[in-house]
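The values are calculated or read from the model by the stated rules, or taken from the named source; none is laboratory data. Note that this is a predicted model, so its numbers are computed, not measured. In this analysis, Cβ positions are derived from the backbone assuming ideal geometry, glycine residues included, and neighbour counts consider all displayed protein chains.
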Amino acid sequence: MSTGLTLWRRVPPWVLDTALVALAVLDAWLNLFDEDTTSFMRACAAMGCVALFLRRRFPLAVFVLTLPMLLFMDVAVAPFAALYTLAAHTRHRPLLAGCALLNAAASTLTWPLSDTFSGDRTWTLIQFAYTLATAFAPVLIGQLVQARQDVARQLVEVEEAREHERALHAQTVLARERAQLAREMHDVVSHQVSLIAVQAGALQVAAKDPQARDGARAIRTLSVNTLDELRHMVTLLRASGGKETELTPQPTLADLQQLIANSGIQTTLTGELPPHISTTAQRTIYRTAQEALTNVRKHAPGARAHIHLWHDAQHFGVTVTNTAPTRPSVPLPSAHHGLIGLKERAELLYGTLAAEPTPQGGFKVDLRAPSRPA
């Protein structure tokens, strides 16, 4: 089954359209042997068949062009193909219902129109109900195909979101381990080395033996150099959050534009932050925007996002809002680790993080931090 679908998708569209037009022409030709057939009827049939070449670009117009031929002949290929294409390309169900009614009406009416109700009107009503039910068949098939495409697209988005979430979780765990190691090195090792340096300095001053003073000076120098190396290592550990095999700096505000460009979401960026903002604050602003855009991609497919940087005399922050999704989303399992991590980052700045839905059906993430922590 899957192999057959794969081979079918590999067929070029123009080949399918040509075969469909040929089948529609054959269907119309079988109805043109009547001696009452006029040139106008042939022109309507030709117009309805040839229009199928444009059904992918102008599905509604092509469907309308196939209606006249239904008044003169009992054909099915061209109108049904046009109706199916329209159903596969639009989500306007009232429009599809109206087109199905038009198709059934055109199939029921006869030319000249005065002959339509000259016979048994009950039979005419029965024929209309039958053709209407038949007309809804391509509509339902087209809607099913459209739903299948939506599900396939959502499955791809789900897999991408899960992969992204796994990567973020791995980075978060790695960053926590490195932060813990950095705290241990800063609080324990650096403290012990500092004591060694202090004791060596005191020994250097108090010692009367030149060799003892030289030894104390060497110990003090090595301790100071070791402290410098430890501070450098602690800085790298705290700033690293990338792959396990490399120590790269965390992103800052300068990387926001690249984040927006790589997000795959229609996003606008406005506002600015106060000058000389700390690196930690820049990193928190960036991670807030990153997590908000990730949630938009996961839970609001097709939505637009807006990132607003702001500051006043006492506070600064970022507000990320998104519109309502334009496509249905698939519920994903989530432990909300991303928002929890953002709240922890906000608390390090003595700030707050609020995340809540908007009245318009979207979502808003708002980070607020004091310019000068108390």
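Before moving on, here are some points about what is shown:
- Condition check for Ser223: farther than 29 Å from Tyr286 by Cα, at pLDDT 75 or above, surrounded by 15 or more Cβ atoms within 10 Å (Cβ to Cβ) and of a type in the set (Ser, Thr, Tyr): yes
- Looking across the range 290-319 at every residue that is among the charged types (D, E, K, R) and surrounded by 16 or more Cβ atoms within 10 Å (Cβ to Cβ), the one that is farthest from Ala254 (Cα to Cα) is identified as Lys298.
- Residue list for the range 320-351, filter: over 19 Å from Asp255 (Cβ atoms), in contact with a His (Cβ under 9 Å, 6 or more places away or on another chain) and modelled with pLDDT of 85 or more: Thr321, Asn322, Thr323, Pro325, Gly351
- Leading residue by the ranking (surrounded by the fewest Cβ atoms within 10 Å (Cβ to Cβ)) among those in the range 55-86 that are free of Cβ contacts under 8 Å to residues at least 12 places away in the same chain and part of a loop (DSSP other than H, G, I, E, B): Arg57
- Residues that are part of a helix (DSSP H, G or I) and within 30 Å of Val156 (Cβ to Cβ) within the range 256-284 comprise Leu256, Gln257, Gln258, Leu259, Ile260, Ala261, Asn262, Ser263, listed in sequence order.
- Residue selected from the range 162-197 under the condition among the small types (Gly, Ala, Ser) and at pLDDT below 70, by the criterion surrounded by the fewest Cβ atoms within 10 Å (Cβ to Cβ): Ser194
- Residue ID - farthest from Val296 (Cα to Cα), chosen from residues in the range 112-161 that are among the hydroxyl-bearing types (Ser, Thr, Tyr) and either at pLDDT 85 or above or touching a helix residue (DSSP H, G or I) at 6+ places or on another chain (Cβ under 7 Å) (or both): Thr116
- Filtering the range 87-107 to residues that are within 32 Å of the chain's Cα centre (by Cα) and outside any loop (DSSP other than H, G, I, E, B) leaves Ala87, Ala88, His89, Arg93, Pro94, Leu95, Leu96, Ala97.
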